């Protein structure tokens with residue numbers, strides 16, 4: 001390496017040092033030494049360095065503030081380039097909020113300079129210890145905004161020293177990612193900011209910086225260790241998984257923020273890597289979520305070791321079906337599949353039209369049925385999975401058969417002392433007595449097809465003259481009909497997750513009943529969901545949760561169950577239960593889980609990992 005250093009001196013880069021420790025150039029400070037560390041003054045010097053690396057077949061690494069880099073314990077026999085020269089730190093302002101910033105400009109400096117000129121919008125980014133180039137490459141962000149939101153154009157050079165440019169339309173930004181390839185080096189960028197009062201913007205920047213600096217960590221860190229999976233927060237997941245204060249060697253997870261991994265003073269790359277592997281495993285076993293690093297490992301083998309430390313769960317997700325709720329199933333499946341992929345699982349979506357085993361189901365680690373109604377909820381597909389000894393999410397076939405049948409469910413409620421509305425069962429054998437049943441139960445009368453969901457096959461009868469017509473219509477769904485006494489009151493629903501009741505949701509709908517329109521189409525107006533309820537006393541809420549847990553246990557449910565009830569102002573009445581509740585953006589189980597602090601990603605991944613871990 002000595003000859004290479006001597007040759008490097010010949011290209012006359014004024015700011016060059018040899019055998020520089022990673023602790024000098026990164027915020028985390030782990031790792032050994034860098035053979036050549038250089039800071040070119042401008043793009044001309046940068047291209048000289050790149051040409052030298054190409055001619056000598058040397059690796060090179062571009063860094064900014066070094067805030068998300070994990071150095072390597074072995075000597076880095078390449079060139080580390082920091083764009084901190086004069087031209088890389090220039091900032092100029094144009095008309096209509098356009099600002100041109102060099103790649104080496106710190107985000108805080110850029111935000112403060114922009115504020116002085118009367119421009120803002122990126123105040124939340126001021127607390128990120130990154131430079132413009134690095135921030136754009138990884139689409140750095142905070143509090144719901146990312147630097148990609150402001151980008152208009154970038155320019156730079158590729159690894160061969162060729163000039164390249166790209167407009168915002170040519171770059172795809174996603175969460176902590178951009179489509180800018182590794183061989184592209186950003187030199188400068190044009191951002192578009194908003195006109196804002198200087199005082200307001202400066203005040204917000206000060207608050208952001210104060211909020212960031214108020215947390216004093218126990219040592220050096222690289223910022224967030226893992227990216228947030230989907231709608232979940234990595235720090236919260238790590239904390240829930242009891243990862244705070246975990247340590248390996250001289251690396252430790254902060255007790256103040258679980259997504260900050262600390263170098264207590266002399267941590268090595270190996271310490272940091274092993275701690276990330278241990279935390280990742282603990283999170284996976286607890287939540288089913290595979291976390292992926294936000295920090296960048298200089299040593300590619302370390303990254304591969306981290307990623308390969310856990311094998312992703314292969315999920316066969318069943319969707320569609322042939323019931324009246326097919327479309328709702330397809331929507332639910334879209335959300336569930338997205339959440340499972342955010343959690344790091346490999347998902348194959350299977351649009352299944354009849355109850356049968358497929359090769360994909362047999363090869364999967366688990367099956368996740370997102371099938372509403374029909375063979376998806378009546379236990380038929382579950383029975384096939386049980387016979388094939390395939391693990392799956394949700395209740396057993398026996399429990400599914402019970403809960404999908406409103407008549408069987410109500411009989412169980414009576415047996416267990418669970419309050420439910422008075423009812424009668426109509427079959428083709430006792431159809432002649434339907435008028436007598438209706439008279440006893442009174443009007444309005446609820447008429448239900450007992451094995452349908454999403455309010456399909458439900459009628460509210462207020463005129464006995466229409467009784468025969470409605471009965472005939474309902475018989476089209478099956479051989480039995482449930483007549484139920486109409487209870488006027490507040491509808492509530494309680495989700496039960498792994499045996500524990502979630503917060504109660506009160507449903508306030510615009511029409512006379514909580515029908516299909518109130519759930520999905522909203523032609524009559526938007527349905528409001530109150531969690532916590534506004535018209536149901538806390539004592540009644542707690543009682544409803546106990547009743548829900550009782551029915552969950554009595555029905556032999558597993559993983560999840562949603563129980564619908566009505567409160568008439570004095571008493572609670574259980575209406576029905578649902579073994580595979582909806583998973584759309586307006587569905588009730590996800591709403592209740594969110595109120596309990598469980599993100600949608602955690603909800604879906606948690607269901608999957610429980611099934612995977614089952615004996």
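Taken over the range 558-576, the residue count meeting the criterion of being part of a strand (DSSP E or B) and either at pLDDT below 95 or under 19 Å from residue 603 (Cα atoms) (or both) is 6. Listed here are the helices (runs of 4 or more DSSP H) enclosed by the range 1-58 that have at least 2 residues being touching a residue at least 12 places away in the same chain (Cβ under 8 Å) and touching a helix residue (DSSP H, G or I) at 6+ places or on another chain (Cβ under 8 Å): 2-9, 43-55.
Among (1) free of Cβ contacts under 8 Å to residues at least 24 places away in the same chain; (2) closer than 29 Å to residue 82 by Cβ; (3) over 28 Å from the mean Cα position of the chain (by Cα), which single condition is residue 199 missing? Answer for residue 199: the failing condition is (2).
For the range 522-531, the condition holds for at least one residue, the condition being that it is within 18 Å of residue 568 (Cα to Cα) and either at pLDDT 95 or above or loosely packed, with under 13 Cβ neighbours inside 10 Å (or both).
In the range 94-198, counting only strands (runs of 3 or more DSSP E) that sit wholly within it, the ones holding 3 or more residues that are at pLDDT 90 or above and in contact with a helix residue (DSSP H, G or I) (Cβ under 8 Å, 6 or more places away or on another chain) span 98-102, 151-158, 184-192.
Residue count for the range 403-446, restricted to those that are in a strand (DSSP E or B), in contact with a helix residue (DSSP H, G or I) (Cβ under 8 Å, 6 or more places away or on another chain) and closer than 30 Å to residue 558 by Cα: 4.
The rows are residues; the columns are (1) over 21 Å from residue 343 (Cα atoms); (2) buried (at least 16 other Cβ atoms within 10 Å of the Cβ); (3) in contact with a helix residue (DSSP H, G or I) (Cβ under 6 Å, 6 or more places away or on another chain).
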{"residue": "221", "(1), (2), (3)": "yes, yes, no"}
{"residue": "260", "(1), (2), (3)": "no, yes, no"}
{"residue": "265", "(1), (2), (3)": "yes, no, no"}
{"residue": "275", "(1), (2), (3)": "no, yes, no"}
{"residue": "284", "(1), (2), (3)": "no, yes, no"}
{"residue": "289", "(1), (2), (3)": "no, yes, yes"}
{"residue": "298", "(1), (2), (3)": "yes, yes, no"}
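Would you mind stating whether residue 579 is in contact (Cβ under 8 Å) with a residue 12 or more places away in the chain, within 21 Å of residue 401 (Cα to Cα) and surrounded by 22 or more Cβ atoms within 10 Å (Cβ to Cβ)? For residue 579, the condition - in contact (Cβ under 8 Å) with a residue 12 or more places away in the chain, within 21 Å of residue 401 (Cα to Cα) and surrounded by 22 or more Cβ atoms within 10 Å (Cβ to Cβ) - is met. Checked against the criteria, residue 75 does not count as within 30 Å of residue 272 (Cα to Cα) and in contact with a helix residue (DSSP H, G or I) (Cβ under 8 Å, 6 or more places away or on another chain).
For the range 1-38, how many residues meet the condition of being buried (at least 16 other Cβ atoms within 10 Å of the Cβ) and farther than 27 Å from residue 302 by Cα? So the answer is 3.
Tally up the residues in the range 227-245 that are out of contact with any strand residue (DSSP E or B) (no Cβ under 6 Å at 6 or more places or on another chain) and outside any loop (DSSP other than H, G, I, E, B), please. So the answer is 6. Being assigned by TED's automatic domain parsing to the domain that holds residue 151 and either touching a helix residue (DSSP H, G or I) at 6+ places or on another chain (Cβ under 9 Å) or assigned to a strand (DSSP E or B) (or both) is not true of residue 209. The condition of being on the phi < 0 side of the Ramachandran plot, at pLDDT below 95 and crowded, with 22+ Cβ neighbours inside 10 Å holds for only one of 85, 64, that being 64. Looking only at the range 172-193, filter to residues that are out of contact with any strand residue (DSSP E or B) (no Cβ under 6 Å at 6 or more places or on another chain) and more than 14 Å from residue 146 (Cα to Cα); which one of those is surrounded by the most Cβ atoms within 10 Å (Cβ to Cβ)? In this case the residue turns out to be 180.
The condition of being over 34 Å from the mean Cα position of the chain (by Cα) and in the same structural domain as residue 17 (by TED's automatic domain parsing) holds for only one of 78, 71, 118, that being 78. When you scan the range 304-325, do you find a residue that is crowded, with 17+ Cβ neighbours inside 10 Å and more than 24 Å from residue 560 (Cβ to Cβ), even just one? Yes: the range 304-325 contains one or more residues that are crowded, with 17+ Cβ neighbours inside 10 Å and more than 24 Å from residue 560 (Cβ to Cβ). Does residue 606 satisfy being modelled with pLDDT of 95 or more and either crowded, with 17+ Cβ neighbours inside 10 Å or in contact with a helix residue (DSSP H, G or I) (Cβ under 8 Å, 6 or more places away or on another chain) (or both)? Answer is yes for this residue.
The values are calculated or read from the model by the stated rules, or taken from the named source; none is laboratory data. Nothing here was measured: the structure is a model prediction, and the numbers come from that model. Neighbour counts are summed over all protein chains in view; Cβ atoms, including those assigned to glycine, are modelled from backbone coordinates with ideal geometry.
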